[in-house]
1. I need the phi-derived Karplus couplings for the range 154-162: 6.51 cos²θ - 1.76 cosθ + 1.60, θ = phi - 60°, integer Hz, Gly and Pro marked x.
2. Starting from 0.36 nm per residue, how many nanometres of slack lie between Arg141 and Leu53 once their C-alpha separation is accounted for?
3. Between Ala153 and Arg175, what's the calculated FRET efficiency when r is the beta-carbon distance and R0 is 45 Å? Round to 0.05.
4. Heavy atoms only, 1.4 Å probe, whole protein assembly: order Ser132, Ser74, Ser59 by accessible area, highest first.
5. Where does the charge balance sit around Asp86 when Lys and Arg score +1, Asp and Glu -1, over other residues with C-beta under 15 Å from its C-beta?
6. If you plug each phi of the range 31-37 into the Karplus form 6.51 cos²θ - 1.76 cosθ + 1.60 with θ = phi - 60°, what whole-Hz ³J(HN,Hα) values come out, in order, with x for Gly and Pro?
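The values are calculated or read from the model by the stated rules, or taken from the named source; none is laboratory data. In this text, all values refer to a predicted model and were calculated from it rather than measured experimentally. All Cβ positions, even for glycine, are placed from backbone atoms using ideal geometry, and neighbour counts span all protein chains on display. For accessibility, only protein heavy atoms count, side chains too; no ligands or nucleic acids. Shrake-Rupley method; radii C 1.70, N 1.55, O 1.52, S 1.80 Å.
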Amino acid sequence: MFTIFTKIKDRVEAFLNEKNIVTDFLNKIEEKTGIKKRYLALGAVGVTGAYLLFGYGASLLCNLIGFVYPAYYSIKAIESPDKEDDTQWLTYWVIYGFFSVGEFFSDIFLHWFPFYYVCKCLFLLWCMAPVSWNGSQILYRHMVRPFFLKHEARVDEMVNNIGGKAMSAAENATREVLQTLVRNRTIGPAQPEARRLPSSAPTEPTVD
C-alpha cells in the first residue's frame, strides 16, 4: 500500500513540475499567496471532493475529471516515440467507453445515490492510476479481452456484413436519386446545337 501512495505522489510531483496550464495557474497563485502549489493542489482536491458530494453539476465535474487528464496524457503519448504509454491510454479509453455505455442504462437507478459521483470519480481515478494493476488494466485483462477473443470472428463477420449492406444501400440510393433527376430533366442530355441564324448576306434575285 505504501508503494502505491509513493507512486501516486511521484506522479503528482512530476505533473506539478511540468509546464502546462494547470501548473502555470498554480504558480501564479503561489507567487501571490506564498502557499506552495502542492498544498494548493491538495486543497483543490478537497474542494472537488466536497463539491462532488454536495455541489450542483457534480456529473459534469466528474466527467471532466475522467476526460481532461487522460486526454492530456493521451496526446502526450501520441506525440512520444514510446508505444507502451499508447497501449496504456488506449486501454483506459476502451474501459471508459464500456463504462459510459453501461452508465447510460444504470444512471436512472444510481444517480440519486448520495455518494454516486464520488464513487464514480474514484473508479475513474483507479482506472487511470499510474500503477501496473490499475483498473483499466485489470478490467481489460479479465473481462474485455476474454470476451473479445471469444467473439472476435463473429463480430468481424457482423461488421463486414453491415459495412457491405451500408455500401450497397448507399449505391442504390445514389442511383435512384440520379434517375429521378434525369426523369425530371434536372439532368438531361446535352442541348442540341442552336439553329443557325438566317444569313444576313443579300440573296440574288430570281429570274421569273
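1. With coefficients 6.51, -1.76 and 1.60, one gets 5, 5, 4, 5, 5, 5, 5, 5, 5 Hz.
2. Working: separation 88, 0.36 × 88 = 31.68 nm, distance 3.18 nm.
Stretched out fully, the Arg141 to Leu53 stretch lengthens by 28.5 nm.
3. Details: r = 33 Å, r/R0 = 0.74.
The calculated FRET efficiency here is 0.85.
4. On the way: Ser132 85, Ser74 15, Ser59 45 Å².
Heavy-atom accessible area, descending, gives Ser132, Ser59, Ser74.
5. Details: positive: Lys76, Lys83; negative: Glu79, Asp82, Glu84, Asp85.
My count for the surroundings of Asp86 gives -2.
6. 5, 7, 9, x, 8, 5, 5
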